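To keep things clear, I will list the structure first and then write my remarks on it.
The values are calculated or read from the model by the stated rules, or taken from the named source; none is laboratory data. Values in this document were obtained by computation on a predicted structure and should not be read as measured data. FYI the Cβ positions are ideal-geometry reconstructions off the backbone, even for glycines, and counts take in every protein chain you see. For the accessible areas, the whole protein counts, side chains as well, though only heavy atoms, and no ligand, DNA or RNA atoms are used. Shrake-Rupley method; radii C 1.70, N 1.55, O 1.52, S 1.80 Å.
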Amino acid sequence: MTTTLRLAASDDAAAIAELCRASVLELFPAYYDSQQTASSSVHTAALDQTLIEDGTYFVHDVDGDLVACGGWSRRNKLYNATDAGADDRLLDPRHEPARIRAMFVRADWTRRGLGRAILEACVDAARAEGFRTLALMATLPGVPLYEAFGFVAVERAVLTLPDGVHVDAVAMRRPIE
C-alpha cells in the first residue's frame with residue numbers, strides 16, 4: 001500500500017487523536033509501566049489543535065486511514081503534556097530552535113520510513129522559515145528514530161504529567177543543514 005504524506009486538516013482531528021492514543025497504548029509498554037502508559041495515552045497523546053491550525057502538522061494517509069502523524073512548531077511549547085497555559089509565543093528563528101512535536105505511528109506501520117519522511121518535511125518547512133536548529137522532548141520509544149535522523153541527546157529528563165505520573169524522556173537537538 002502507498003501512503004500519502006500531507007498536511008493535516010481540522011477534519012482529521014478525531015482520527016489523529018485516535019491514532020496517537022493507539023500508538024501510545026501499543027508501543028509504550030516496551031518502555032514504560034502500565035500506569036505510565038495509561039497516563040501517557042491521555043496526556044502525551046492529547047492532540048494540540050494549534051499544530052493543525054498553524055499548518056505544521058503532517059499525516060500519512062492510506063486510502064483515508066491515518067497511519068502516522070507528527071509535525072513541527074514555530075511556537076515555544078515543547079511537548080504535548082505541557083500545561084495548556086504554557087508560553088506559546090512565536091519563536092525567533094535566528095536564535096531559537098523550531099520544535100518537533102507529537103510524532104506517532106500505528107504499531108503495524110512502524111519501521112517503514114514514515115517517521116523519517118515526516119521529519120524530512122519538518123526540516124524543509126522549518127528551514128524555509130529561517131530556523132537553523134530543531135529541538136524536541138522525546139519519549140523513549142522515539143529516541144531510536146531521532147538518533148537515526150541526527151538528533152543528539154542534550155539531557156535526560158523526567159516529565160511530570162498533569163496527573164502526577166512521571167515518565168522518562170530525552171531532550172534532543174539537531175542542526176538544520
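A few notes on this one:
- Sites residue 1 and residue 50, calculated FRET efficiency, Cβ-Cβ separation with R0 30 Å, nearest 0.05: 0.45
- Residue-wise HN-Hα coupling along segment 108-122, computed from phi with Karplus coefficients 6.51, -1.76, 1.60 (Hz; x: Gly, Pro): 7, 10, 6, 6, 10, x, 5, x, 4, 4, 5, 4, 4, 5, 5
- Solvent-accessible surface of segment 77-160, averaged per residue with a 1.4 angstrom probe and all protein chains in place: 51 square angstrom.
- Once the chain from residue 89 to residue 147 is taken as fully extended at 0.36 nm per residue, the excess over their C-alpha distance is 18.1 nm.
- Using a probe radius of 1.4 angstrom, the carbon and sulfur fraction of the accessible surface of segment 13-141 is 48%.
- Approximate spin-label separation residue 76-residue 132, in nm, with each point projected 7 Å along Cα-to-Cβ: 2.1 nm
- Relative intensity, log₁₀ I(q)/I(0), of segment 36-76 from a Debye sum that treats every alpha carbon as a point, q = 0.17, 0.20, 0.25, 0.26 Å⁻¹: -0.58, -0.75, -0.94, -0.96
- 3J(HN,Hα) couplings calculated from phi for segment 35-44 with the Karplus curve 6.51 cos²θ - 1.76 cosθ + 1.60 (θ = phi - 60°) are, in sequence order, 5, 5, 5, 4, 5, 5, 5, 8, 9, 6 Hz; Gly and Pro show x.
- Option label - P(r) over Cα pairs in 10 Å bins from 0, in percent computed here, alternatives (i) 10, 38, 33, 16, 3, 0; (ii) 9, 29, 28, 15, 10, 6, 2, 0, 0; (iii) 10, 41, 40, 9, 0: (iii)
- Separation in nanometres of the label points that stand 7 Å from Cα toward Cβ, at residue 158 and residue 25: 2.9 nm
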